[in-house]
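Below is one structure, written out as structure tokens, with a few remarks after it.
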Amino acid sequence: MVDDYDLVATQSGNPLQPLAEFLPQAKDVGLHMILARRSGGASRALFDPVIGKLREIAAPGMVMSCSKDEGVLIGTYKPTILPPGRGVIVTPQARPAADADRVAGCRASELTVHVAVDFGTSSTCVAVAVDGREPQLVVLEGGTPVMPSAVFADRGGTLFVGQEAERQAAVDPSRYEPNPKRRIDEGQLLLGDTVLNVLDVVRAVLVRATNERGGWSAARGSTCWC
């Protein structure tokens, strides 16, 4: 049980993120998770990896008094202002089948998703707007909304991106480039003894960033890289 989850999952990291991959098998492994957070800014939390996985598996929840501006948070229930102590238990599995896929995000092709990627000199971030909602920053590596734009090429030709590239840099700094955006005009990038097309390096960073919260490729929408 985790109270004040919005204070636990911060830009400096999320200690619960390693558990996200086990949530679909929670019943089999005996994992029980209860998260509680304030309603303010709850719509932004939908892109948190742990909350996102709970929505993906249609976990039930309780919505207390909450501004309707936050939009649909669990199931198809639209939050509203309630008397103190009142709440509504929402069980996504009990929804009509026609609504379930759309709200839980199981049928991404029915959603209109706009993705904006800010490929910066030192770091990259992603914002997503789903079905006309306000754009929200996506939680990327380490539970933060930004990831390093850095790349590292090992001797076998594997290209590491982001925090993993920074870790690999300790092995061989000559194969590490912290700011590939500054090398765009050069055409080619030499990392150790490996020659790479700069555009391929940039593409690897963008793909890694947009794949952090998968499922967009199946949705109707557009991607803006800047």
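Conditions tested, residue by residue: (1) surrounded by 14 or more Cβ atoms within 10 Å (Cβ to Cβ); (2) more than 13 Å from the chain's Cα centre (by Cα); (3) in contact (Cβ under 8 Å) with a residue 24 or more places away in the chain.
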{"residue": "113", "(1), (2), (3)": "yes, yes, yes"}
{"residue": "122", "(1), (2), (3)": "no, yes, yes"}
{"residue": "134", "(1), (2), (3)": "no, yes, yes"}
{"residue": "142", "(1), (2), (3)": "yes, no, yes"}
{"residue": "158", "(1), (2), (3)": "no, yes, no"}
{"residue": "165", "(1), (2), (3)": "yes, yes, no"}
{"residue": "176", "(1), (2), (3)": "yes, yes, yes"}
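What are the residue pairs meeting all of these: first residue in segment 4-15, first residue in contact (Cβ under 8 Å) with a residue 40 or more places away in the chain, second residue surrounded by 11 or more Cβ atoms within 10 Å (Cβ to Cβ) and among the acidic types (Asp, Glu), Cβ atoms under 6 Å, and 6 or more apart or on different chains?
9/48
Cβ-Cβ under 9 Å, sequence separation 6+ or interchain: first residue in segment 66-81 and farther than 9 Å from residue 43 by Cβ and surrounded by fewer than 18 Cβ atoms within 10 Å (Cβ to Cβ), partner aliphatic (A, V, I, L, M) and modelled with pLDDT under 80. Which pairs?
Sorted first by the residue in segment 66-81, then by its partner, the pairs are 76/100; 76/103.
With the structure loaded, tell me whether residue 8 is farther than 24 Å from residue 129 by Cβ, more than 19 Å from the chain's Cα centre (by Cα) and among the aliphatic types (A, V, I, L, M) or whether it fails that test.
Working: farther than 24 Å from residue 129 by Cβ: yes; more than 19 Å from the chain's Cα centre (by Cα): no; among the aliphatic types (A, V, I, L, M): yes.
Judged against the criteria, residue 8 is not a match.
Only one of these is out of contact with any His (no Cβ under 8 Å at 6 or more places or on another chain), farther than 21 Å from residue 163 by Cβ and modelled with pLDDT under 90: 26, 36, 42. Name it.
None of the others qualify; the one that does is 42.
With respect to residue 213, is the statement that it is at pLDDT 90 or above and not β-branched (Val, Ile, Thr) true?
No; evaluated as a whole, the condition is false for this residue.
Residues in segment 132-173 that are touching a Gly at 6+ places or on another chain (Cβ under 9 Å) and among the hydroxyl-bearing types (Ser, Thr, Tyr): how many?
2
Determine the pairs where a residue that is part of a helix (DSSP H, G or I), located within segment 184-201, has a partner that is of a type in the set (S, T, N, Q) with Cβ atoms under 9 Å apart, the partner being 6 or more residues away or on another chain.
198/188
Does residue 170 satisfy the condition of being at pLDDT 80 or above, in a helix (DSSP H, G or I) and not β-branched (Val, Ile, Thr)?
So residue 170 fails the test.
As an exercise: evaluate residue 20 against (1) surrounded by 16 or more Cβ atoms within 10 Å (Cβ to Cβ); (2) at pLDDT 90 or above and give the number of the one condition it does not meet.
(2)
Kindly provide the set of residues from segment 187-210 that are at pLDDT 90 or above and charged (D, E, K, R), ordered by number.
Passing the criteria: 193, 200, 203.
Restricting segment 144-156 to residues that are surrounded by 15 or more Cβ atoms within 10 Å (Cβ to Cβ) and in a loop (DSSP other than H, G, I, E, B), which is farthest from the chain's Cα centre (by Cα)?
Of everything passing the filter in segment 144-156, 154 is farthest from the chain's Cα centre (by Cα).
Scan segment 188-207 and give yes if some residue there is in contact with a Cys (Cβ under 9 Å, 6 or more places away or on another chain) and either surrounded by 14 or more Cβ atoms within 10 Å (Cβ to Cβ) or within 26 Å of residue 19 (Cβ to Cβ) (or both), otherwise no.
No, that holds for no residue.
The values are calculated or read from the model by the stated rules, or taken from the named source; none is laboratory data. Here the structure is a predicted model, which is why all the values come from computation and not from measurement. Glycine also receives a Cβ, built like all others from the backbone with ideal geometry; neighbour counts cover every protein chain displayed.
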